[in-house]
């Protein structure tokens, strides 16, 4: 067993604090990773505080993990000690169903295994995430990372990055397409960078005048204040694709009206309450409202390679793990540009 | 001008009764059609009674028209006197926008011209529909019909037929796919026939035990009582495509749960109130909720040719026009299998 230092919460109301536990010794196909950085995703907060229900305690959050391989099982062929690697939102899946065979493990029909707040496929061993100095993961769920990237700023690619990259690729975004990105937070700012790098005309929708200049700096061609009806009106029936990254309750209908015939709006934020959708908005121009969940392992590797080629990373604020509870409060206030990343050296 | 006998309503509360007016003499590209049969669509009732707002009176409803060409303009090359033809939901469009160029006139960006309860493209001449002995239509909006088909039963293909055929074709339904049809009325019964003819495994969802045997007779492989939760449960994550033909308020979420990953549910009924949609249902298997509106002229011709090859027509109850007000009441009570069709001989 591997004694592991980490930060955990013991219950829904508690702050995160130091926590020690043992990771399994590497099995034949396992990779041991010394964690360098771990991003802070809004879903960490929802789960730490049991806002989605069903949380498992103690909980070590974190699924935007970058580190260095420090050990490998006997059967591991794809990784060597010293490799720079990443782990995202899932650490296992059934590996047998059609979704797994198609490289879409996030939709595994047998049930994928989230990196934390879940049970392994044995049904009884809890998974612990990346707010930790080490993690042990099956090699099929480990990603290669170009060590020349800014590694702290690379960590959020493992969730915020792939969550926005995957739908842009699945809906075939490229030069000649007009793309809207709704919301400019951890997900939205990555959506802007990818849409721009894929060659699309990229328009950011935000409620904050103050985010305008930042959106343009990140690569947006235009910024629209979504509360400004006249401004919205000028974009009617003009978008091929709109990526909605907002998880707070909001009205999707004004955005559906901005889609062209056969256009698609895709939700990646997870509003917990049902949304009201006008059928007329869909019927009269054969529009679609869809959703997309992170991405598969193969596509996550493709995304990381794309980022290395295009020098794309996240905009981050690096913190020591001792500031994690304060960081949570700031995430809730949207007071971060655009992702907190924990420097795991601070654990020792 | 051509003096025309028809049935019209003079206001939202009135019954339909005899009405005479003049159709234009045929222009260069016009076809004059002696109407043989006209189907009764639920939307006729909504519009006659101004339930959607903006109705124009006097109103001659009817957009499921089958007749015989009795005259042609000098520039008409595609039709001859004596041809059996049809007219559906639209009689003109801008003919210049991308949608028109792609044969998707129903989505015309300049605004298509509905067959009745609308203005011609001049903005001032009202359009009058098919509850009439004659109609004059630009040849581009006239369809050829195989005279060997049962012509009364062919009339509903012009709206109920194309409305269900178009999405099944657009979403590429064929052998090997599992298709759900929600609702077994005028639209739904055509959806079953087309899905079956396209080779898909076809499952009908209905709330009425009494419709089970009819659904099977129409070609369904299975019938599911949608109120029966256990029965619904056995179909979880199994459908490639679900066509929702219901326009009354209803919950779409139980159907979204029946879709496979990447499956699509398409609305063709027009619920006037917003629907509640759970984002989780879309995100966790990349599902889509879409809408579809009738079909373009080219695809309507393709559908009519498909029907001639496969001997597909609608199940109809033929009535004289004097029974139209009674028929409306029966449509509202869903007391028709599955479409009323007016025999226009009854006008003379």
query: Using the reciprocal of the averaged 1/r over all distinct C-alpha pairs, how large is the Kirkwood radius of segment A:1-99 in Å?
result: 15.2 Å
query: Pairing the Cα long axis of helix B:186-197 with the longest principal axis of chain B, what angle in degrees results, from 0 to 90 and rounded to the nearest 10?
result: 70 degrees
task: In a Gaussian network model over chain B where Cα atoms closer than 10 Å are linked, find which of B:79, B:241, B:128 has the largest mean-square fluctuation.
output: B:79
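Suppose only helical runs count, i.e. DSSP H with n ≥ 4. What mean residue ellipticity at 222 nm does that imply for chain B under -39500 (n - 2.57) per run, divided by all residues and rounded to the nearest 500 deg cm²/dmol? Intermediate results must be reported in sequence, preceding the final value.
On the way: 11 runs with 82 residues, N = 348.
Calculated from helices alone, the mean residue ellipticity at 222 nm is -6000 deg cm²/dmol.
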statement: Among beta bridges assigned by DSSP with both residues in chain B, the antiparallel ones amount in percent, to the nearest 5, to 55 percent
query: Per the Debye formula with a single identical scatterer at each Cα and no solvent contribution, what log10 I(q)/I(0) holds for segment A:233-318 at q = 0.20, 0.23 Å⁻¹?
result: -0.98, -1.08
- prompt: For the Cα atoms of chain B, what angle does the longest principal axis make with the long axis of helix B:297-310, in degrees from 0 to 90, nearest 10?
  reply: 70 degrees
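If you restrict to DSSP beta bridges whose two residues both lie in the protein assembly as shown, what percentage is antiparallel, to the nearest 5? Kindly include the intermediate steps, with their values, before the conclusion.
Working: 73 of 127 bridges.
Counting DSSP beta bridges with both partners in the protein assembly as shown, the antiparallel share is about 55 percent.
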task: Return B:347, A:304 ranked ascending by Cβ neighbour count within 10 Å, so the fewest neighbours appear first.
output: B:347, A:304
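Quick one: order B:250, A:228 by neighbouring beta-carbon count within 10 Å, fewest to most.
Working: B:250 17, A:228 12.
Fewest to most other Cβ atoms nearby, the residues stand as A:228, B:250.
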query: What is the helix-to-structure angle for A:160-170, meaning the angle in degrees between its Cα long axis and the longest Cα principal axis of chain A, kept from 0 to 90 and rounded to the nearest 10?
result: 50 degrees
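For a Förster distance of 22 Å, can you work out the FRET efficiency between the beta-carbons of residue A:207 and residue A:317, rounded to the nearest 0.05?
On the way: r = 22 Å, r/R0 = 0.99.
Once the sixth-power term is evaluated, E becomes 0.50.
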query: By what distance, in whole Å, do the Cα atoms of chain A stretch along each of the three principal axes, largest value first?
result: 61, 41, 38
message: 7 Å along Cα→Cβ for the label point: how many nanometres lie between residue A:57 and each equivalent label in the other copies, listed shortest first?
response: 6.7
task: Go from 0 up to the bin containing the longest alpha carbon distance in the protein assembly as shown, width 10 Å each, and give me the % of pairs per bin.
output: 3, 14, 22, 20, 16, 12, 8, 4, 1, 0
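So what's the convex hull volume per residue for the Cα atoms of segment B:208-264, in Å³? Don't skip to the answer; put the middle values down first.
Working: hull volume 5.5 nm³, N = 57.
About 97 Å³ per residue, rounded to a whole number.
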Residues A:154, B:84, sorted so that the one with the fewest Cβ neighbours within 10 Å comes first: B:84, A:154
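Taking a quarter of the surface of the Cα convex hull of segment A:161-291, what do you get in nm²?
On the way: hull surface 28.3 nm².
So the mean shadow area of the Cα hull is 7.1 nm².
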- prompt: Given the options B:329, B:139, B:64, which has the most mean-square fluctuation in a GNM of chain B, springs set between C-alpha atoms less than 10 angstrom apart?
  reply: B:329
task: Could you tell me which of rounded, prolate or oblate describes segment B:54-120, using a ≥ b ≥ c as the square roots of the eigenvalues of the alpha-carbon gyration tensor, with rounded for a/c under 1.5 and, failing that, prolate when a/b is larger than b/c and oblate otherwise?
output: oblate
query: Where the Cα atoms of segment B:48-175 are projected onto their three principal axes, how long is each span, largest first, in whole Å?
result: 42, 37, 31
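A short reminder: the numbers here are calculations on the coordinates, not readings from a lab. No experiment lies behind these values; they were computed from the predicted model shown. Neighbour counts run over all protein chains shown; Cβ positions are idealised from the backbone, glycine included.
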